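The values are calculated or read from the model by the stated rules, or taken from the named source; none is laboratory data. Small disclaimer: the values here were computed from a predicted structure and weren't measured. Glycine also receives a Cβ, built like all others from the backbone with ideal geometry; neighbour counts cover every protein chain displayed. These area figures cover heavy atoms from the full protein model, side chains too; ligands, DNA and RNA do not enter into them. Shrake-Rupley method; radii C 1.70, N 1.55, O 1.52, S 1.80 Å.
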Amino acid sequence: MATRQEAREAREAKLDELHQRLTGAVERLVSGPDWARALAFAARFRARSFSNTLLIWEQHQGAFEQGRVPEPFPSYVAGYKQWQALGRQVEKGQPGYQILAPVTGRFASANPADAESWRRLGKGEKPRAGEVVRSKMVGVRPAYVWDASQTTGDPIPEPPAPRLLEGESPAGLWDGLAAQIEERGFAVLRVPHEGLIHGANGMTDYTANTVAVRENMDRAAQVKTLAHELGHVLLHGHDQDEARQHRGIGEVEAESVALMVGAAHGMDTRSYTIPYVSTWAARVDGKDPVEVVKATGEQVRKTALAILDQLDTAQIGDGTPPGLERDTTRRAAPAHVRPVPAAEPAPSRRVASLPEPGARPVPVPAFEGRGL
Ligand SMILES: [Zn+2]
C-alpha cells in the first residue's frame, strides 16, 4: 500500500506531466497555421494614437447603441482602401469613424545639422543633388476608419477563442474552493451577469477583498473560474504596479492552476485553458509564449498541490489526469464545450490595458478579471 508520501509524490509527478502537456498544447497552438494567420493579419493594422483610440471607442459605442454594429467594442479598425486591400468592403450605409490622421511634409537640406537650412518640398518636387530628404508631421486632417464588423468579404483569421465549459460541477468542489478563498479573508460572491464585473467571468478585487463569479454560465464554468480566482488569491497580491506589469504571467498562472484543479476532478478544461493561456502568454513583452508557460510550471504545480491537499472532494488519485488527454475514458464530470460570445472587459479597462483596438496582437479572450 502506498504511503501518504508516495501518494503525494505520485500526484506531483502527474501535475508535472500535466503542465508539460499544457506547454506542448500552447506550443502547438502558437506555432500552428491559425495563429500565424491571425498574427499576420493583426500586423497589417497600424498603431494609433491614444486620442484616436478614444475617438474610435466613442464612435463605435454610438454605432452599437444605434444597432449598426453587433458588438459594443471595436475589433480591427482600418481605412476604406485598407479594407479593400484586405479583401473586404465597407457595407453601404455604414458611416466611418472620424479620426485625425497625421499630415506629413517632405523636407530637404544640403546641411542636415543646420535646422535653418531645411526647406519643404512641393508635391512631386525632387531634392537637389547632395540634399537629404526627411518626412515630418506638419499637421492633422480628418480621416475615416471602419470596424471589421462594418465590412464584408474575405474571412478574418482568428486563433481559437476560449470556450466556456458546459455541464455540472464536480460534487463539493465549489464549496471546497470557496472555503480556501474565505480563509484568506476574501468574500465569495455570485453575481448575476458579466456586466457587473467588467465583462469578465470572474474577478478578484484586492481592495474590497472579494472574489466574484458570474452565475449566468454553467456550473462547470463557474467552478473552473473560481479555481482560477483562487489561483490569483494565492499567488498574486495587492501591488498594482507589479500586477499590471505581470498581468500576462499572472493570467497564465491562475488559469494553469485552474486546469490542474479541474483535471484532478475529471474536468477537461482544454478548450478554454489552452487559447486563454496562449493569448496571455503571447502578450508578455519580449518573451516567447512557450517560455512564459514553461517558466510558470513550478509555481503553478506548488499552488495546485496546496489547493488539492486541502480539498476533501473525490479526486482522481491514480492514472493519468484527463486534462490534456484526448479520448480519455475517465471523465467523471464531462465538460463539453460550446462557443459563447467572448466576454470582453469594459472599455475603460481596455483603453488602459491595450495599446489600441486596431493594433492588438491577437484577439482578447474572455478573461477572468483581477480587479486591477
Ligand atoms: Zn485572471
Quiz item: Assuming ALA258 fulfils every condition listed in (1) more than 15 Å from the ligand (Cβ to nearest atom); (2) of a type in the set (A, V, I, L, M, F, W, C); (3) at pLDDT 95 or above apart from one, which condition is it?
Solution: (1)
Quiz item: Would you pick out the residues in region 147-188 that are among the β-branched types (Val, Ile, Thr) and open to solvent by 30 Å² or more (accessible area, probe 1.4 Å)?
Solution: THR152, ILE156, VAL188
Exercise. Quick one: which residue in VAL233, VAL188, VAL213 is in contact with a helix residue (DSSP H, G or I) (Cβ under 7 Å, 6 or more places away or on another chain), assigned by TED's automatic domain parsing to the domain that holds GLY297 and part of a helix (DSSP H, G or I)?
Key: VAL233
Exercise. Could you tell me whether any residue of region 261-283 is among the aromatic types (Phe, Trp, Tyr) and more than 11 Å from the ligand (Cβ to nearest atom)?
Key: yes
Quiz item: Among (1) open to solvent by less than 20 Å² (accessible area, probe 1.4 Å); (2) away from the ligand (no atom under 13 Å from the Cβ), which single condition is ASN209 missing?
Solution: (1)
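Answer yes or no as to whether LYS302 is at pLDDT 50 or above, touching a Ser or Thr at 6+ places or on another chain (Cβ under 6 Å) and in the same structural domain as SER256 (by TED's automatic domain parsing).
no
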Quiz item: Any residue at all in region 84-106 that is open to solvent by 80 Å² or more (accessible area, probe 1.4 Å), part of a loop (DSSP other than H, G, I, E, B) and either farther than 27 Å from PHE41 by Cβ or modelled with pLDDT under 90 (or both)?
Solution: no
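Would you pick out the residues in region 256-277 that are part of a helix (DSSP H, G or I) and under 23 Å from SER31 (Cβ atoms)? Talk me through it step by step, then tell me what you get.
Restricting attention to region 256-277, the residues satisfying the condition of being part of a helix (DSSP H, G or I) are 256-264, 270-277.
If the condition is that a residue be part of a helix (DSSP H, G or I) and under 23 Å from SER31 (Cβ atoms), then SER256, LEU259, ARG270, SER271, TYR272, THR273, ILE274, PRO275, TYR276, VAL277 are the ones that fit.
From the set of residues in region 215-230 that are away from the ligand (no atom under 12 Å from the Cβ) and of a type in the set (S, T, N, Q), which is farthest from HIS193 (Cα to Cα)? Don't jump to the end; show me each part of the working.
Taking region 215-230 first, the residues away from the ligand (no atom under 12 Å from the Cβ) are 215-223.
If we keep only those that are of a type in the set (S, T, N, Q) as well, we get 216, 222.
On the way: ASN216: 6, GLN222: 12 Å.
Among residues in region 215-230 that are away from the ligand (no atom under 12 Å from the Cβ) and of a type in the set (S, T, N, Q), the one farthest from HIS193 (Cα to Cα) is GLN222.
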